Amino acid sequence: MEKWEGFSRYTFNAKVNAQDLEDTYQPPFKTCIQEARASCLMCAYNQVNGVPMCAHKDLLQKTRDEWGFQGYITSDCDAVAIIHENQTYTKSGEDSIAIVLKAGMDINCGSFLVRHTKSAIEKGKIQEEDIDRALFNLFSVQLRLGIFDKPSNNQWFSQLGPNSVCTKEHRELAAEAVRQGAVLLKNDHNFLPLKRSEVRHVAIIGPSANDAYAMGGDYTGVPCNPTTFLKGIQAYATQTSFAPGCKDASCNSTDLFGEAVEAAKRADIVVVIAGLNLTEEREDFDRVSLLLPGKQMGLIHAIASVAKKPLVLVLLGGGPVDVSFAKQDPRIASILWLGYPGEVGGQVLPEILFGEYNPGGKLPITWYPESFTAIPMTDMNMRADPSRGYPGRTYRFYTGDVVYGFGYGLSYSKYSYSISSAPKKITVSRSSDLGIISRKPAYTRRDGLGSVKTEDIASCEALVFSVHVAVSNHGSMDGSHAVLLFARSKSSVPGFPIKQLVGFESVHTAAGSASNVEITVDPCKQMSAANPEGKRVLLLGAHVLTVGDEEFELSIEL
């Protein structure tokens, strides 16, 4: 939320309840700290429940005291200045310095601390120990990196320089990221992959088809040797035609439609590049519609009406797009989402279209319909509330219609799954504390099973189990894809997720063969959810593990 409906990210107060804070907003940060060992956090401009984020001691200290964070916390650029100058949360600049340093922020992006810290010291707002703590956090990270050690060959980062950029290895890594990230959303009658021997003339339509800049998202560096989609497809087809169709991604005019229609008429295969770029989405600029920008939809309809065969629609952009029209239109055979594929996007697209690579990506977000834009961006609640017509957010709680759901993605192969090994029953041991044992469950159902707070479980580690999944590839192409394991409770308890992802693993399976994958599940962490008080609760009773169409029932008992 940048500046929607007059709100501003600089002064916006995000009102988040304890339940959503615990099981939706905080887990990504906790995971980055505990599993990815992040050494830097940034506090945002906005307020959370009335307190500026960089001054929110409860949340900042939680990262250290409960999650084991050992690093430094920086502000977003000028976020400290905004506390006084824009939010008027403090009476002076010195007060802002004091409140953020005592809350746990260590350094700020901008000049505010440079300009006001000395005065804050002289006025007694901060003490030497406040500065020492911040310096300790900053220098401890540099010490761990070995920045003050004598240079040696063991410090690989000290060897980095201009020659380390734009290497063959880097380019291949970028290409592999595009391959694995591409998501095939539609492929009627196995239209893709195309056969090079049967395709002579390809028309590439769209303003981004020959624009290297459009392939990069926000904060993109200067590409070394970008390959446009047009250039990439030219290496695969005997003849190619290009027509932008629109002046730019905003597509506010039909003036160039005619040229695009004529190009489509002549071609054997038509590939339309549509979607978003930085004129439609970027920092400090909100999208207010989920539809394709401007007259892009009209361009696609015009092309589809004259093309010899159903067309291929390639979508760019970092967020969801309501392409329900294309999903339902038989004149559009395939839909492929590439996100922002970067400098090698043009190289990888024909690899996918012509079957050199078998796509297996899955959507990392839910694609909502345009009707979802009626929901205020300022509503931070995750859970659905039928009483006010609120459908909820994310696949875990959203109850409305979707264009494409979280985790969706097709392949040129057809996979099936079988859970070959998983426990039928998990027994939870309560803490030996007599007071806890006598405490009633947080929720009690009619069958008496109820639930248990994860903090009351004697050993969450003892509950961890493995799920073995057999993956069969029924297609004629080898392929890699992510196997997604979801869990849901068979109990109907208000406020608990519809389902939630509990694990995923990438697996490569040869055509006509099977492979096996093991996914580790931590019930306390991955099968629990927060109660209204913000305490994690594990529901007792029957749960269902699902992977694809396969279901496996297990019971969690005291």
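Some points to look at:
- Probe 1.4 Å, protein heavy atoms only - accessible area per residue of the chain in square angstrom: 48
- Peptides 73-86, 489-502 ordered by average Cβ neighbours within 10 Å, highest first: 73-86, 489-502
- Charge sum, other residues only, whose C-beta stays under 9 Å from His301's C-beta, Lys/Arg counted +1 and Asp/Glu -1: 0
- Debye intensity ratio I(q)/I(0), log10, the chain, q values 0.06, 0.08, 0.10, 0.11 Å⁻¹ (C-alpha model): -0.38, -0.69, -1.06, -1.23
- For region 445-529, taking Cα atoms only, Rg and Dmax work out to 16.8, 51 Å respectively.
- Spatial offset of region 129-191 relative to region 299-346 amounts to 33 Å, using the alpha carbon center of each.
- Solvent-accessible area, 1.4 Å probe, carbon plus sulfur percent, for the chain: 52
- The Cβ shell under 15 Å around Glu172 holds other residues with a net charge of -2, Lys and Arg each +1, Asp and Glu each -1.
- D by Stokes-Einstein for region 63-132, Kirkwood Rh over Cα pairs, 10 °C, 1.306 mPa s: 128 µm²/s.
- Cβ-isolated cysteines (cut-off 4.7 Å), the chain: Cys32, Cys40
- Label-point gap, in nm, between Met377 and Glu172 - each point 7 angstrom along Cα→Cβ: 4.2
- If you model region 414-556 as an ellipsoid using its alpha carbon gyration tensor, with each semi-axis the square root of five times an eigenvalue, the axes come out at 34, 14, 12 Å, biggest first.
- Protection proxy ranking of 380-389, 170-179, by the mean of other Cβ atoms within 10 Å over each peptide's residues and highest first, is 170-179, 380-389.
- P(r) weight above 21 Å for region 3-145, C-alpha pairs, percent: 43
- D (Stokes-Einstein, µm²/s), Kirkwood Cα radius, region 169-374, 1.002 mPa s at 20 °C: 127
- Beta bridges by DSSP in the chain, antiparallel share as percent, to the nearest 5: 60
- Across region 331-424 the C-alpha pair distances fall into 5 Å bins from zero in the proportions 3, 9, 16, 16, 13, 13, 12, 11, 5, 1, 0 percent.
The values are calculated or read from the model by the stated rules, or taken from the named source; none is laboratory data. As the structure is a prediction and not an experimental result, all values here were calculated from the model. Using ideal geometry, Cβ is built from the backbone for each residue, glycine included, and neighbour counts are taken over all protein chains shown. For the accessible areas, the whole protein counts, side chains as well, though only heavy atoms, and no ligand, DNA or RNA atoms are used. Shrake-Rupley method; radii C 1.70, N 1.55, O 1.52, S 1.80 Å.
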